[in-house]
1. With touching a strand residue (DSSP E or B) at 6+ places or on another chain (Cβ under 8 Å), open to solvent by 20 Å² or more (accessible area, probe 1.4 Å) and outside any strand (DSSP E or B) as the only criterion, which of ASP368, ASP328 stands out?
2. How about region 112-189: which strands (runs of 3 or more DSSP E) wholly inside it have at least 1 residues that are within 40 Å of the chain's Cα centre (by Cα) and hydroxyl-bearing (Ser, Thr, Tyr)?
3. In region 91-101, how many are in a strand (DSSP E or B) and over 15 Å from ASP44 (Cβ atoms)?
4. List, please: which pairs have Cβ atoms under 9 Å, are six or more places apart or on different chains, and start with a residue in region 388-412 that is on the phi < 0 side of the Ramachandran plot and end with one that is of a type in the set (Ser, Thr, Tyr) and surrounded by fewer than 16 Cβ atoms within 10 Å (Cβ to Cβ)?
5. Which condition does LYS432 not pass, out of (1) touching a Phe, Trp or Tyr at 6+ places or on another chain (Cβ under 6 Å); (2) in a loop (DSSP other than H, G, I, E, B), if it passes all the others?
6. Within the group VAL442, VAL464, which residue is within 20 Å of ALA502 (Cβ to Cβ) and either surrounded by 13 or more Cβ atoms within 10 Å (Cβ to Cβ) or among the polar types (S, T, N, Q) (or both)?
7. Within region 226-248, which residues are outside any strand (DSSP E or B) and of a type in the set (Ser, Thr, Tyr)?
8. So in region 445-461, with the set limited to residues that are touching a residue at least 12 places away in the same chain (Cβ under 8 Å) and farther than 29 Å from ARG394 by Cα, which one is least open to solvent (accessible area, probe 1.4 Å)?
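The values are calculated or read from the model by the stated rules, or taken from the named source; none is laboratory data. What you see is a predicted model, and the numbers here were worked out from it, not measured in a lab. Note that each Cβ is placed from the backbone with ideal geometry, even for glycine, and that neighbours are counted across all protein chains shown. To get the accessible areas, we keep the full protein, side chains included, count just its heavy atoms, and leave off ligands, DNA and RNA. Shrake-Rupley method; radii C 1.70, N 1.55, O 1.52, S 1.80 Å.
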Amino acid sequence: MFAGHRIIIFVVLCLFALCAMSSGPRKHKRRKTTDERIYLVNADVLYYDQFASNTPGAQVLNGNVQFRHKGATLWCDSALFYDRENSFEAYGHVRLVQGDSVSLTSEEAYYDGNDQMAEARHNVVLKHRGTTLYTDSLNYDRLYNVGYFFEGGRMVDKKNVLVSDWGEYDTKTRKAVFNYNVTLRNDNLTINTDTLHYDTRSSLAQVVGPSRIVSGESTIDTKSGFYNSKTGQTQLFGRSKVMNGEKEITADSLFYNEKTTVSEGFNNVVYVDKENKNSLECDYFWYNDSTGEAMATRRALMMDFSQNDTLYVHSDTIRLYTYNIDTDSVFRTTHCYKGARAYRKDVQAVCDSLVYNTKDSCMTMYRDPIVWNDDRQILGEKIEVFMKDSTVERTHVIGQAFSTEMLHDSIHYNQVSSNEMFAFFDDGNLYKTEAVGNVRTVFYPIDEKDSSLMLLNYLETDTVRMFLQDGQLQKIWTPRAEGTAYPMSQIPPGKEKLDGFAWFDAIRPVDKNDIFNRRGKKAEEKLKPQKRHTAPLQQIRDGKVETVKGVETEL
């Protein structure tokens, strides 16, 4: 068997040499050979027949055969020793030991002393320190300290088990390379790839090419990555994706630590939550799986797909906090701060910061918040939006509330100013509004015949309730009010606008891309603490406050 194998190798080498000579000198170095002879240490039986047809030129050895060559010792049951060629074939319980760290066992082997190459076959086991390699065919190059397998192999290193069709292991550097149908398994994950580099000293695995990593409920697709089983750290490159149930994250670079359960994503990060119909994009993403805390920054963009149209929200930083995690009472808060801007076709908003709490489904906007809907603008010191099934249920504007509606001529505006404002919705449709505390209004009734403005109606009161149907104003309720009506041609200068009026259309996001273009208020336009107006309909007599019955007006 091995004699025929040597003839084939000889022919291949001759052809290779002819090709080399025909193509000119080659740049790579020629393989080093040695003239140190193989030393036969022991054999119970030895005989030699130079005319034997089956073993020409070989010494036949049987029983406790032992060879030694350049610091390595080999034992076997029987052997054919080719003294002239400085090689031998070994059979039965073959065991090669090199130094105090390398041990190679097999059923058969061929050893070439000149090239220092051992070819082990059948039930091959290579042991080196704490690493064991199992295969059926292995060539061990003693010159370069590398073992090659090419008919399938399995390496066991600590808690890691690696399987592949082809591979090599360097006993000097303690590094391995696996190719074709590669699988790495341990208690924490499974890696499937076509090419994997593994360092037994650091327990660092590197995948090259399309790969899939399964860890618990998470699945990772990557083209380039590193995994360290000692530290539990995973580093992924080449547009990698991590999937966990209905959630997935994709980034140019991803880092994950099993021990701290912290993930980090860099550049073009896309986080998608299919269950809650939202996603997050940024250039830096941080997430702690144990605490449910997350942070996104560097062009952070949050998108919500739960409505008919997508809501886009941008701010410098977006943070997520999870409370009572892994319990039935879990809830989360999302914090968007410094320059929050939002856009949806039917609503736009800007503010310095906002917080959304899933416990009460409330979104709160802080510091100069402004909300637009079509030709309407609402602002105040703080705005609360309460949701139900991802649909607005009611809103609450707190402090210096100001509602403005631009009329069709783009010159005149309906205005309401008060301490607080409320708006109530039914299935997403506004049906009731309420302004409370120091209410002042400027309202322009419209002639239904020609849509012209009839007059300016100025009103001061304590409370105004408006009832709508299909977007049309049906009824207004107020307590006793004081007001004045001015014909359009006799409006006194300054009466057409309330104190604090401003139309902030210039800073309004015009599309989903414009939310990244921050345009703030001018210093003189920012809300400042104001002393509350005295309620106009309260008359103090003898230390008592008189109240006036409400008045309801049908439209």
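1. ASP368
2. 131-141, 146-149, 160-164, 166-170, 175-185
3. So the answer is 5.
4. THR391/SER306; HIS408/SER451
5. Tallying (1) touching a Phe, Trp or Tyr at 6+ places or on another chain (Cβ under 6 Å); (2) in a loop (DSSP other than H, G, I, E, B), LYS432 fails exactly one: (2).
6. Just one listed residue meets the conditions, VAL442.
7. Residues of region 226-248 outside any strand (DSSP E or B): 229-232, 245-246.
Of everything in region 226-248, those that are outside any strand (DSSP E or B) and of a type in the set (Ser, Thr, Tyr) turn out to be SER229, THR231.
8. LEU456
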